[in-house]
1. Would you please give the residues with an amide H less than 5 Å from that of ILE18, counting only those at least 5 places away or on a separate chain, with H modeled from the backbone geometry?
2. If one takes the longest principal axis of the Cα atoms in the chain, at what angle in degrees, from 0 to 90 and to the nearest 10, does the Cα axis of helix 173-201 lie?
3. Which residue, ASP17, ASP142, ASP64, tops the fluctuation ranking in a GNM of the chain built on C-alpha contacts under 10 Å?
4. Which whole-number percent gives the relative contact order of the chain, counting Cα pairs below 8 Å spaced six or more residues apart?
5. Run the numbers for ASP48 and ARG184: contour at 0.36 nm per residue of separation, minus the present Cα-Cα distance, in nm.
6. Once Rh is set to the Kirkwood radius over Cα pairs, what Stokes-Einstein translational diffusion coefficient, in µm²/s, holds for the chain at a temperature of 4 °C and a viscosity of 1.567 mPa s?
7. 7 Å from Cα along Cα→Cβ at both ALA14 and ILE195: what's the point-to-point distance in nm?
8. Taking LYS217 as the anchor, which aspartates and glutamates have their alpha carbon closer than 17 Å to its alpha carbon, excluding any fewer than eight residues away along the same chain?
Amino acid sequence: MSSHIQSVLEFNSANADIFLNVEDSSKQKKRFAVHKCILSAASPFFRDMFSLLQPSAAQATELDIPSIDMPESADVLYTLLQYIYPVPNPNILSLGKLVPVLEAAEKYDILVAVDSLRKQLVSTENLTEDPLRIYAIASRYDLQEEIKVAAKYTLKKNVLNCPLSDDLKHITAYDYHRLLDLHRRHVQATQRAFIQLERVTVPDHKCSAWWWSRYEKAAKLELAQRPSTDVIFSRPFISSCVTWCHDCHASVYLTLPDLERVKEDIDALPFMV
């Protein structure tokens, strides 16, 4: 990191014209010396606030620079300032740290921060680890595209077994019901696809009927938990339903193209919540 960037990240500029006061994790007072013009360019909220700021209403400090007490923590405001200033965006490693920064960015209408945080929210790692929590966060802040993405990933999970998080406290019963309804609709659509596939594909042969019956039963049990195609159309899952019988394996091999077609049809279902 260059010395210039490091200097900016200290937010202690000698030519600052506004102080933002916060508390750190130990309740100690901390002050960021920043520039009204930069904050105003990034945030209509700050622009309007600074236009109303009168010297008599500001706290007197050295050189009569106005000082404003901010409700955010030092960590949150420090992270937010990194989006506003011309320095590399921070890499937020946990949802617990991302959410309060997103809340502050939404509050102060800092679009450059909101856009970046939305991308980080739906990272593959976050979606794979806890899609229900991502869905809850996206619903709380009405992030429509992220709601759709997270809802799709929840289909790979049994939402009733997902860990509880405080973020679920902030969504409505309506949003949660919409998600459960999405799961129900995908289960029904997948089961209908299986019925159609059985009529078209499975020959009237004892061996074929045996492995298919076993596969269909196992697939429906899996779909009741997680209405996703990732597991039920995987080779290991299909193979687990087949014996070492040569005719069984031959039947499966002939059926694979049809299974792949059904998988594509199911994956193409709309993920509207």
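1. So ILE18 has HN proximity to VAL34, LYS36.
2. The two axes meet at around 30 degrees.
3. Comparing ASP17, ASP142, ASP64 in the GNM, the peak value goes to ASP64.
4. Numbers: 274 pairs, mean separation 35.0, N = 273.
RCO, the chain: 13 percent.
5. Residue separation times 0.36 nm, minus the Cα-Cα distance, leaves 44.2 nm.
6. Numbers: Rh = 22.6 Å.
Here the translational diffusion coefficient equals 57 µm²/s.
7. 7.9
8. Straight-distance partners of LYS217: GLU198, ASP230.
Values in this text are rule-based calculations from the coordinates and carry no lab data. Not measured: the values here are computed from a predicted model. Cβ: placed from backbone, ideal geometry, glycine included. Neighbour counts: every protein chain shown.
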